[in-house]
């Protein structure tokens with residue numbers, strides 16, 4: 001954060017300092033006689049440049065604070081365009097009038113200095129025409145061809161100054177377009193600053209989005225690998241192998257089938273890394289193989305019920321997720337009871353969501369082990385895959401049962 005703030009102020013100083021340097025360069029190259037002589041005007045010119053430099057930094061910094069306050073990056077493009085127009089207008093007016101007011105208060109106004117120069121020039125012209133001390137200005141309506149009118153027009157045209165009928169010097173701005181040009185040019189500079197500011201942040205946001213996307217992909221892969229490891233439960237494999245060994249002599253045919261079932265589970269686990277989703281039917285095949293192996297161990301103590309809506313069989317689901325829920329239900333629920341227990345698997349559509357539910361005998365004691373139940377892994381996979389539109393919950397329900405439910409959008 002500190003580094004970003006320092007970089008911002010460096011850009012501010014270098015940016016507006018660069019514009020000030022460009023002004024100095026062209027003045028030294030093309031207009032040194034106009035702005036740098038005499039020495040008094042040179043000092044005023046440098047002071048006016050510094051005042052303008054400070055006001056540009058101050059006003060654009062205030063604009064930046066307002067932009068951050070309204071969180072312009074989250075607004076629609078039409079609102080951003082409106083903010084751009086309003087920001088340029090208000091900031092430009094602040095720079096222009098703030099700079100002029102500061103220059104006048106500090107007596108470093110280049111405009112006032114030039115007006116005083118022109119007044120001295122008008123006095124000199126009056127003296128050169130031998131009009132000093134005369135009442136040539138007292139004729140309110142002199143004849144068009146009179147010398148008085150000619151002298152008045154000449155001095156006024158050359159300097160902007162003239163004497164009224166009371167002999168007082170009055171100023172008529174000969175460069176009225178200069179005000180609008182200065183104001184418009186200030187708007188242009190502020191608009192360029194704001195355009196660069198917005199483009200920079202858009203590019204930075206896109207770059208950050210790319211980095212976040214790559215980080216997300218890496219995180220997903222790590223989660224998938226972690227999930228794979230959790231699926232290949234060593235105790236389950238050892239228990240299955242022991243059961244198969246007991247069947248080799250008693251029931252060789254069932255032993256061969258059990259080996260096939262275990263092989264299917266291991267193969268499916270290793271393929272998870274390559275797929276984001278699989279059809280529910282494929283997931284159910286893995287679950288059936290898993291349950292068949294577990295029933296070799298629990299025998300009649302494990303009772304299973306399937307309530308699967310056939311319309312959901314082709315619905316894509318995260319691979320091995322249902323198997324994880326079933327495995328946790330047996331490991332942390334049914335295996336804790338001497339008499340075994342009951343497990344029910346439900347798949348159905350509800351509104352615009354697909355619900356996968358696993359209910360099992362048991363009771364949550366309020367201290368969920370995230371690693372044991374795979375809660376964090378399941379929640380993370382759902383969040384990354386469905387962008388926060390999927391949910392996972394596990395809770396006690398009536399009848400000494402635990403329910404794990406995954407709710408996923410049908411379309412995302």
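Quick notes on this one:
Each row is one residue, and each column tells you yes or no for (1) more than 23 Å from residue 243 (Cα to Cα); (2) surrounded by fewer than 18 Cβ atoms within 10 Å (Cβ to Cβ); (3) in the same structural domain as residue 403 (by TED's automatic domain parsing).
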{"position": "290", "(1), (2), (3)": "no, no, yes"}
{"position": "295", "(1), (2), (3)": "no, yes, yes"}
{"position": "318", "(1), (2), (3)": "yes, no, yes"}
{"position": "322", "(1), (2), (3)": "yes, no, yes"}
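- If you go through segment 398-412 and keep only what is under 19 Å from residue 327 (Cα atoms) and surrounded by fewer than 18 Cβ atoms within 10 Å (Cβ to Cβ), you end up with 400, 405.
- Meets criteria (over 23 Å from residue 13 (Cβ atoms), in contact (Cβ under 8 Å) with a residue 40 or more places away in the chain and loosely packed, with under 15 Cβ neighbours inside 10 Å) for residue 89: yes
- Within segment 146-163, the set of residues being under 13 Å from residue 135 (Cβ atoms), in contact with a strand residue (DSSP E or B) (Cβ under 9 Å, 6 or more places away or on another chain) and modelled with pLDDT under 85 comprises 152 only.
The values are calculated or read from the model by the stated rules, or taken from the named source; none is laboratory data. The shown structure was predicted, so the numbers you read here are calculated from the model rather than taken from an experiment. Note: ideal-geometry Cβ built from the backbone for every residue, glycine included; neighbour counts use all protein chains shown.
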